[in-house]
Structures are given as structure tokens and as C-alpha cells.
Amino acid sequence: MKKMFLPVLIAMLSLATAAQACEFCTLHNGLGQYNNQSDFVSLTYRTTYASTTVTGGSVQPSTGNSLAINTIQAYYQHSFSDQLKGSLVLPTIDKTTKANGVKTDSSSGIGDAVAMLRYTVWGDATQFFGVIGGLKLPTGAKKDAVGTSTFSPDLVLGTGSTDPLLGFVYNHNIENWNYSFDALYKMSMKGYDGYQFGNVLNWGLNGYRAMNDHFNIGLGAIGEIMAADSDNDGKVSGTSGTVSNTGGNVIFAQPTIQYTNAGFYAEIAYQLPVYRNFTGTQLVVDNKLLLSLRYAF
């Protein structure tokens, strides 16, 4: 499940900001993740590329600027009981911005960790509804814009804030079919240099079919609804209050192929934007490729 913006310096050069893929789209464990009722570990590699400039939902001529994000996500789920599951997520992030193919800035390191609990309100392994609660923790370091001591929102490793998370999941198995609907809402708090990212609602509607004992194919829709950011102290943008050219709505289509063998899962997924409507002018994500391994025990 599960997706921040270019620094003022780059914005002045490009007349656009770049929407980072939201943090919680990195919380990816693949097809049938909610069918794993026991403990599991997973490792996901995600590459995200942004080079398209839009105003609202209209594509604009290229500015020559781009943002590449490579993420390796470690995820562990522990089953406390049939009803209660806990999870810990830790991403390692590498980001690079370019102007006309020339590197302008970069960052890499540990990102913000996530700790969550999921409680099954009703149902069983075949069909259930659960509620989710947790925290995004400020484990990621501050990243300053190149040549300054001011927080860079686009190259963020950590926001500097502890953010509550609330959500739910509905999962249903019907013979060889599975579908799930989940949502996760992040309430953003004030972070580095007084910068406060907008609240984010992530949702996913996913389904898959077991083709045989080893292969599953799936198709899903992944959405992000992002509120505008706030610069509470005026240190980052130069003006206190709502940050222009931030916030919006995007939906990705996600086809997936998965291989399974006992408790081992390997898959490849691709996310392509099919709808987007952003506030003002922004540099937005073109696509995401995800490779994931999971082992349940």
C-alpha cells in the first residue's frame, strides 16, 4: 500500500515541484499478503521515476528535470494471536535529482520506520475485516538542500515527525480468487525546520487468481490523496503557511505476477498512473517497478 516535493532551488529552475511517491506505497508485500496469518518476513525493491510535469491533470512540456527514488523495504509481521498481528517496516532510500540529465543533488540512507498493529474485528482466514493503527517514526535523517542548511522536502529521508496511522483492511478468498480492499491514513505532524507534509490517504483495491500450484496473476488499483503541505515557520519556502504546488490525487494501475512455493513468494509488479490531478504545477511520478520476496513461517 500504500507515496513530497522538490526543493526551492530546483523549483526556481523548473517552475515546478516534484511529488515524491508516498511513504506508504512502500508498504508492499505482494499478492495475498493478508492470507499470511502467521509470521513472515519480506524484502521489496522499488524503483520510482518522475519526469512528467503537470498542471492540475494536464501534461506540460518537459522541463528537463527528474527525480529517481530507489527503495529497499524490510518488513516483518508477527502473529500475536489469530486476531492480532504486528508489523515493523524499515526502508533504505536512495534519491537523485537531475536537470537535463545532469545530477543536481542526492540523498541516501535509512528512512522513517513504521510500526503497526492489525486487529481482526470479525471473520476468519477466508474472509475478514480488520482495523489498523500505528506510527511513522522519525528515524530518517534530515536532508538539507544543496548549498544550504535548510530542509529539502523532495530529497527527504525522514520528515522529522512522529505521525499517527489509522486504517482498515477487508480480505476475501473465493476458491482460486482473492480480493482485498485496504486504506491507510497518515496524520502528518510538524517536522524538520517546521515543515509539515500534508495528510495522506492511501488505498488499494487488489485481486488475483491462482493459475496453478505455483503461479498467481493479479490486477489492482492503488490510490493516493494528498493534502497540501504547510511551512509553519517559513524557513523552507520563505513564506509561512500553505506551500503552493503541493497536494493532489493520483491512481495507479498495478498488474502483478507471483511465484509461490510452500512459504516462499516472489513477484514482480508494475504501477502506471491512470489518473492524476495535482494542485498547481508539479513534477509527478511516471511509473514504479516493484520486486518482492516474502517468506512465511
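Below are the figures for this structure:
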| quantity | calculated |
| --- | --- |
| Mean Cα-pair separation over length for segment 114-168, i.e. relative contact order, pairs under 8 Å, 6 or more apart, % | 36 percent |
| Protection-proxy order for peptides 161-167, 64-70, 100-106, each taking the mean of Cβ atoms within 10 Å per residue, highest first | 64-70, 161-167, 100-106 |
| Mean accessible surface per residue for the chain, computed with a 1.4 Å probe while every protein chain stays in place, in Å² | 42 Å² |
| Between segment 57-119 and segment 222-249, the alpha-carbon center distance in angstrom | 19 Å |
| Student exercise, the chain dipole from Lys, Arg, Asp, Glu Cβ charges, in Debye to nearest 20 | 300 debye |
| Accessible surface of the chain [probe 1.4 Å, protein heavy atoms]: carbon and sulfur percent | 62 percent |
| Cross-link table Lys85/Lys190; Lys190/Lys235; Lys85/Lys142; Lys143/Lys235; Lys95/Lys142; Lys95/Lys143, entries beyond 20 Å C-alpha to C-alpha | Lys85/Lys190; Lys85/Lys142 |
| Amide H within-cut-off set for Ser244, under 5 Å, with H built and near neighbours excluded | none |
| Chain lengthening between Asp39 and Ala68 when straightened (0.36 nm per residue, less Cα-Cα) | 7.2 nm |
| Over 35 Å [Cα-Cα, the chain], rounded percent | 17 percent |
| Gain on full stretching of the segment that runs from Thr162 to Ser79 - 0.36 nm per residue minus C-alpha separation | 27.4 nm |
| Theoretical gain in end-to-end length, Leu219 to Asn277 [0.36 nm per residue, Cα-Cα removed] | 18.6 nm |
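The values are calculated or read from the model by the stated rules, or taken from the named source; none is laboratory data. Predicted model only: the values in this text are computed from it and were never measured. Don't worry about glycine lacking a Cβ; one is built from the backbone with ideal geometry, like all the others, and counts go over all protein chains shown. Side chains are part of the model used for accessible areas, which takes the heavy atoms of the whole protein and leaves out ligands, DNA and RNA. Shrake-Rupley method; radii C 1.70, N 1.55, O 1.52, S 1.80 Å.
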